[in-house]
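Taking it in order: structure first as structure tokens, then the write-up.
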Amino acid sequence: MNRDCEIVKDLLPLYAEGLTRGGSAAFVRAHLETCPDCAAELARIRQPAAAELEREARAAEAAPLTAVKRRLEWKRVVIILSSAVLTLAAATAVLVMLAVFRPVDVDYGTSELYSQEDMDAAVRVIRQKFAGMRGCKLYSLRYASDERCLRELESRRGEAPDGTAYTDCIVFDSVFRSPLAGGGAWNRGELYTWSWTLVRTDGGPWKLLTWGYA
């Protein structure tokens, strides 16, 4: 399973209910056209709901309006709702497990400026900040390039609060998913691409300077 499949399968429950939009919906549709495994997963998600609706329609056409039948229908409704609640709870548990345990894909690229140790230190700062973005799921971090880092460093000269010039600047690009339930300024289950710029002076600790749309 590649990373696109992981992202799509994470979004399929929302897509099946028509709750994704914009770039996320387009991303899922495009992937489904070329991935039979994910298309089959979408069909599996939709099948129980469609079958249940068909059974309910047949029952509504055939059942006489008697007190006994009404009581039986209410029992069915209770059973269906209970099953739906259990299914939703199980799906939520799976999504939580995926969000917690799925590793983040980190692409260190090629750099003559920074070692992997330098990059790992910057990644830890980004992930610490990301941990405060409740409900968001980080999929990947990618080192921008030496050229981009040098351009950013030149543009940040003289910005240190104490007047000390920054000597290093590192930039990572990220892909992440907003909270499945939305909330605040987040769209529900949307994919975002942000850049993260960190600076330091004379090999000191990295400081997160800016983050947001790439």
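Computed from the coordinates by the stated procedures, all read-outs in this text should not be read as laboratory data. Just so you know, these numbers come straight off a predicted model, no measurement behind them. Don't worry about glycine lacking a Cβ; one is built from the backbone with ideal geometry, like all the others, and counts go over all protein chains shown.
Think of each Lys and Arg Cβ as +1 and each Asp and Glu Cβ as -1; about the Cα centre, that makes the dipole of the range 142-201 roughly 240 debye.
When Rg and the Kirkwood radius Rh are both evaluated on Cα atoms of the range 105-213, their ratio Rg/Rh stands at 1.00. Report the charge-dipole magnitude of the range 105-213 in Debye, nearest 20, computed about the Cα centre from +1 at each Lys and Arg Cβ and -1 at each Asp and Glu Cβ. Around 700 debye, computed over the range 105-213.
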